[in-house]
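Okay, structure first, notes after.
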Amino acid sequence: MIAVRAAKGRMNGLAFRPDGRHVAGASRDGFVRVWEPDQVLAGEPVWQSDQRHRGELNHLVYSPCGKWVFACGDSGGALVWPADGGECVELPQPPNQTYYTNVIVCSPDGRFVAWGGGYRGQRSRIAVAHVKSRKLHKQFDGHNEAVGILAPGPDGLASGSADRTIRFWDWNTGRKYHELTMRGFVRGLAFAPSGDWLAGSCAKGVMLWPMERVPRRKRRVPGAPRELKGHTKTVSCIEFAPDGLTLASSGDDGTLRLWDAASGTEKRAYHPRVGALHWIAFAPDGLTVAVTSDKGHLVLIDLGD
């Protein structure tokens, strides 16, 4: 296990490049930083954004092709950089979607990039743009409160909100095709790469649903859930391993927990001892998992140990 202080403030987003060459983080200090995974301990990034973004950066993601890094933050909208560094470009923002953004994701086929956020007590929407042209595609209806998390899946886009719902959207039309009700603010949401499982979290609980095909419906929808219990404080992030067999969860209790998706049993718990843990990212080969801390740490764990 390697733990380094990689940023001055909390690292709010984390992603591995699809080819595994780099790991990128967005942080509270407004910078995007990119490292070679085996050089993280040296402390020097391969590149970082050339200037501090206005306000905090809250999330980032690589495009599936690996050519672009998308990020979002408190100033609203979405930003994009070439994956090897370069000039930042702002994506078009719908005129009535000027609030800060919490999360940004790309569709699995690489066609779309979506972002959302907002404020408690106010309706929020989801903006979707074309990755290639960077032109606005649609604005999805969103939620009655802030959007806390988005999860791209092979059948559509899922969104979690402070309004205690998970909603499912068609990427092309923006139509909502399903909805789940949760017990609290949905802060974590992730599909297994195959689309066979969906995981969601609120408070200190993690829910796991099998995705099932229903007669006369084109898309899979969640079946009966299983609750995964182990965290003692709020769960911050959940993420599936590339093979879809393992689910990782991080929390304010300072632990990273690995779960068997099929049985729902806890496989292992890690205690990096760097305080509350935040975003999770698996390396493309599944042999390394990275997690950030609220104090600016980047922790890399070799799962082969």
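A compact table of results
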quantity: Residues with amide H under 5 Å from that of GLY73, placed H, sequence gap 5 or more; calculated: ASN58, THR101
quantity: Amide H within-cut-off set for GLY251, under 5 Å, with H built and near neighbours excluded; calculated: SER236, LEU277
quantity: Globularity index of the range 39-95, i.e. its alpha-carbon radius of gyration over 2.2 N^0.38 Å; calculated: 1.20
quantity: Gain in span if fully extended, THR232 to SER263, counting 0.36 nm per residue against the direct Cα distance; calculated: 9.1 nm
quantity: P(r), alpha carbons of the chain - 20 Å bins starting at zero, rounded %; calculated: 37, 60, 3
quantity: Ranked by how many other beta carbons lie within 10 Å on average, peptides 1-7, 123-129 from highest; calculated: 123-129, 1-7
quantity: ASP260, ASP155, ASP253, ASP38 arranged by Cβ crowding within 10 Å, fewest neighbours leading; calculated: ASP38, ASP260, ASP253, ASP155
quantity: Assigned charges on the beta-carbon of Lys, Arg, Asp, Glu; the chain dipole about Cα centre (debye); calculated: 1040 debye
quantity: Top positive-direction residue, dipole computed over the chain with Cβ charges, set PHE168, GLY76, TRP115; calculated: PHE168
quantity: Spherically averaged projected area of the range 171-305 from its Cα convex hull (nm²); calculated: 9.1 nm²
quantity: Distribution of pairwise C-alpha distances over the range 46-200, 5 Å bins, in %; calculated: 2, 10, 20, 24, 21, 14, 7, 2, 0
quantity: Most mobile of LEU150, LEU277, LEU91 in a GNM of the chain (Cα contacts under 10 Å); calculated: LEU91
quantity: Filtered GluC sites (Glu not before Pro), the range 41-131: DSSP coil and at most 11 other beta carbons within 10 Å; calculated: GLU87
quantity: Cβ-based charge dipole, the chain, positive-most Cα from GLN48, GLY148, GLY9; calculated: GLY148
quantity: Electrostatic dipole magnitude of the range 28-115 [Cβ: Lys, Arg +1; Asp, Glu -1; Cα centre; debye, to 20]; calculated: 260 debye
quantity: Lysine pair number, Cα distance threshold 12 Å (strictly under), the chain, separation 8 or more or different chains; calculated: 4
quantity: Loop-located trypsin sites (Lys or Arg not before Pro) in the range 208-253, at most 13 other Cβ atoms within 10 Å (DSSP); calculated: ARG216, ARG217, LYS218, LYS229, LYS233
quantity: Listed peptides 8-16, 168-176 by packing density, highest first (mean Cβ within 10 Å); calculated: 8-16, 168-176
quantity: Amide hydrogen neighbours beyond the local backbone of PHE185, cut-off 5 Å, H modeled; calculated: ALA203
quantity: Net charge contributed by nearby residues that have their C-beta within less than 14 Å of ALA203 (K/R +1, D/E -1); calculated: +3
quantity: Principal axis dimensions, largest first and in whole angstrom, of the range 227-279 by Cα; calculated: 29, 21, 15
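Every number in this text was worked out from the coordinates using simple rules, so none of it is lab data. Keep in mind that what you see is a predicted model, and the values were worked out from it rather than measured. Every residue, glycine among them, receives a Cβ derived from its backbone with ideal geometry; neighbour counts consider all protein chains shown.
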